[in-house]
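> Okay, handing you the structure first.
The values are calculated or read from the model by the stated rules, or taken from the named source; none is laboratory data. Given the structure is predicted, the values throughout are model-derived calculations rather than measurements. Virtual Cβ from ideal backbone geometry, glycine too; neighbours counted across all protein chains shown. What goes into the accessible areas is simple: the full protein's heavy atoms, side chains included, and nothing from ligands, DNA or RNA. Shrake-Rupley method; radii C 1.70, N 1.55, O 1.52, S 1.80 Å.
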Amino acid sequence: MSPASKSPAAASHPEHPEIHLAQQAEADALLGRSPLAALVGMLLDQQVPMEWAFSGPYTIARRLGADDLDAHEIAARDPEEFAALLSEKPAVHRYPGSMAQRVQQLCAFLVEEYGGDAEAVWADAATGKELLGRLQALPGFGKQKAQIFLALLGKQYGVRPTGWREAAGAYGDQGSYRSAADITGPESLVKVRAHKQEMKAAAKAAKAAKESKSDGN
């Protein structure tokens, strides 16, 4: 990602950060240099392993015969054709049809609101709160996904507007292993995955306890 001059959010961010989310060199290189690839990877990061999700942008770019993703091109694609492209084996996602629709919706929004420039979402954000609001406005980005991506931008891309850690909530904590924002290699991936499994187990136990209490009444 190229730095934006005089940008509050991007002033300190490295030109091409070393990313390890896809755990695959070419896919990670694309994530490091392409703001849109990073956003699309985050969008795809649901109901599939993180490496699968963040490899998606590279797979899409290759199938489009390009070195990078282009929001204008993706938004203008025939929906059925684009869904078929994501559905080719190996599929880009467990639910390639619905995710193809979401990727096109995201790209159409970026074209409409930011001229197709994904980096413009954060380039001039003055505060973490402002950036969080912009991310939450993106199609497919709820508060949790927006906070994780905000933490990812701060921790790995050097995009650090005032108050970014606070706006990212627990995902902004230094030294944590909660999300994609904390993955810098195979070891941290294992730690993040273990944390997610612990959270799922805790939620399942809490649900079971609530149901048991309800049955007792």
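> Taking all protein chains as present, what is the carbon and sulfur share of the accessible area of the range 149-215, in % to the nearest whole number, probe 1.4 Å?
53 percent
> Another question, if that's okay. Pick out the long, greasy-scoring helices in the chain: whole DSSP H runs spanning 24 Å or more along their own axis by Cα, mean Kyte-Doolittle at least -1.0.
Correct list, ordered by number: 96-114, 186-216.
> Search the structure for amide H atoms under 5 Å from the amide H of Leu69, placed 1.01 Å from N in the peptide plane, and list their residues when 5 or more places away or on another chain.
HN-HN under 5 Å from Leu69: Ala37.
> Here is a follow-up. Round to a whole number: what % of the accessible area of the range 48-145 belongs to carbon and sulfur, probe 1.4 Å?
Ligands and nucleic acids excluded, carbon and sulfur give 48 percent.
> Here is a further query. Relative to the Cα centre, what is the charge dipole magnitude of the chain, using +1 at the beta carbon of each Lys and Arg, -1 at the beta carbon of each Asp and Glu, and rounding to the nearest 20 debye?
1040 debye
> So, one more: Please compute the volume of the convex hull spanned by the alpha-carbon atoms of the range 19-120 and report it per residue in Å³.
83 Å³
> Greater than 26 Å separation of Cα atoms is the criterion. Which listed pairs, Lys89/Lys200; Lys155/Lys207; Lys145/Lys191; Lys143/Lys204; Lys143/Lys196; Lys89/Lys155, meet it?
From Lys89/Lys200; Lys155/Lys207; Lys145/Lys191; Lys143/Lys204; Lys143/Lys196; Lys89/Lys155, over 26 Å: Lys89/Lys200; Lys155/Lys207; Lys89/Lys155.
> Kindly provide the pair-distance distribution of the range 136-180 built from C-alpha pairs, with 10 Å bins from 0 and whole-percent values in order of increasing distance.
Going out from 0 Å in 10 Å bins, the range 136-180 shows 31, 58, 11 percent.
> What do you get when you divide the Cα radius of gyration of the chain by 2.2 N^0.38 Å, with N the number of residues?
Working it through for the chain, the quotient is 1.05.
> Report the relative contact order of the chain, percent, no decimals, based on alpha-carbon pairs under 8 angstrom and at least 6 residues apart.
Computed value for the chain: 20 percent relative contact order.
> Could you work out the relative contact order of the range 105-217, using alpha carbon pairs under 8 angstrom and six or more residues apart, expressed as a whole percent?
Contact order relative to length: 17 percent.
> Also, quick follow-up: Please identify the longest segment of the chain free of exposed GluC sites (Glu not before Pro), where exposed means a DSSP state other than H, G, I, E or B and no more than 14 other Cβ atoms within 10 Å.
Answer - 89-217.
> Could you report the range 94-217's accessible area per residue, 1.4 Å probe, as an integer in Å²?
Value for the range 94-217: 53 Å² per residue.
> Please work out the Kirkwood hydrodynamic radius for the range 126-203, using every pair of different C-alpha atoms, and report it in angstroms with one decimal place.
12.7 Å
> With every protein chain in place, what's the accessible area of His16 (1.4 Å probe, Å², nearest 10)?
Per-residue accessible area (His16): approximately 120 Å².
> Could you sort Trp164, Trp52 by their accessible area in this structure, using a 1.4 Å probe and putting the largest first?
Highest to lowest solvent-accessible surface, that is Trp52, Trp164.
> What is the distance, in nm, between label points placed 7 Å from the Cα along the Cα-to-Cβ direction at Ala66 and at Arg94?
Rounded to a tenth, the inter-label distance reads 2.8 nm.
> Next question, about the same structure. Run the numbers on the range 76-154 and let me know its relative contact order in percent, using alpha-carbon pairs under 8 Å that are six or more apart.
20 percent
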